[in-house]
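What follows is one structure encoded as structure tokens, with my remarks underneath.
Each reported figure results from applying straightforward, stated rules to the coordinates on display, with no laboratory input. For clarity, every value in this text was computed on a predicted model and none was experimentally measured. Every residue, glycine among them, receives a Cβ derived from its backbone with ideal geometry; neighbour counts consider all protein chains shown.
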Amino acid sequence: GAALGYAAATVDVAYFERFYRALDVGPNPAMGVYMLDGSVLVRQPLKPEDVGANLAANPIYGHLATAPYGTYRGRSGYDGTTRVVSYRSDETRRLLVWVGIGADEALGQWRARALRTAALAVAGLAAMAVLLTLLAREFAGQRCARGQLEAVNRRLARSNADLEQFAYIASHDLKEPLRSIGSYVQLLQKRYQGRLDADADAFIGYAVDGVRRMQAIIAELLAYSRVGIGDLTLAPVQSGAAVSAALGNLKVAIAEAQATVSVERPLPMVIGDQVLLISLFQNLIGNGIKYRRPDIRAAITVGCQDRGTEWAFYVADNGIGIEPEYHRQVFEVFKRLHPSDRYPGTGVGLAICQRVVERHGGRIWVESTPGKGATLWFTLAKQP
């Protein structure tokens, strides 16, 4: 009966707001994470008085009483906006995650149907982002004895495994409804573009672009979650062969950019998962190609240094570089430093690289001079 310690979970409101703004899913969106008893953890849009408020009288709890998840349309008592709302509860963590999108009738019934399905996709992604933050901080400030701390670590490992599986399953299951949305929107664009007014054409274009971005995000999220699922297949890997395989996968991109890639041989034999190491080199070299300067031909160098107990690999380029204040942030999931119309992508590539390196027991970091290029470093132990 005696208390053995305390556990605290915090919600990073700023991260949640950035995620909310990056979704770009339509007019008047809203989303939130509540406790099942009605307490507000976080929501967007957010007022200071919202955090800790109790909204058990909200209509969403009436729907929750009949089903643990679902979709309905209603008028918000918060801001008076009519939205299509999708929600899902998590009894284990006592959480309710919801997302709502404004019911825009300008394009008729096809848009309402597409938005209901898209809301499910956004709800899944929002839930994953919030749960990642909660679980990463869940055991901060623990003041337990050694025996209790070991039990906490085992529980955290199980939670992380469950979350990895949830991210993989959710991303995989979201692909089919998103493909259906894309097909209907493209059909609408093909049949009616130019036959409606200019606003309608613009709305259709926004919908098509939004579906494409969401498909790219889901594909990257699947790749990110796969890196953390299952055991590593450790074996001797010739790192030079892994680089050659990565260059083969990037052959078209290298040719289109007219880039040069040089490898300072010999590269060492390492112990690792060959598939993941190829993916690691491919992402790092691909970044050097993507973020090249327009006034100079891209030149990328791959090499390695012997640092005693570990190998330090590097991929250096002569591209646009990275400002010092972003050297840590570039490894965050969905972190983008440039608009997508200039440099396409989802902001997941370097997060995948960090996960691959950390699963091999190494470190990854960046050294850069803005306007002159960047060097991505990572280490692999000689003896795993």
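Points to keep in mind about this one:
- Residue check for residue 91: touching a residue at least 40 places away in the same chain (Cβ under 8 Å), surrounded by fewer than 16 Cβ atoms within 10 Å (Cβ to Cβ) and over 23 Å from residue 203 (Cα atoms): yes
- Among the residues of the stretch 306-317, those identified as in contact with a strand residue (DSSP E or B) (Cβ under 7 Å, 6 or more places away or on another chain) and either of a type in the set (Ser, Thr, Tyr) or under 16 Å from residue 264 (Cα atoms) (or both) are 309, 311, 312, 313, 314, 315, 316, 317.
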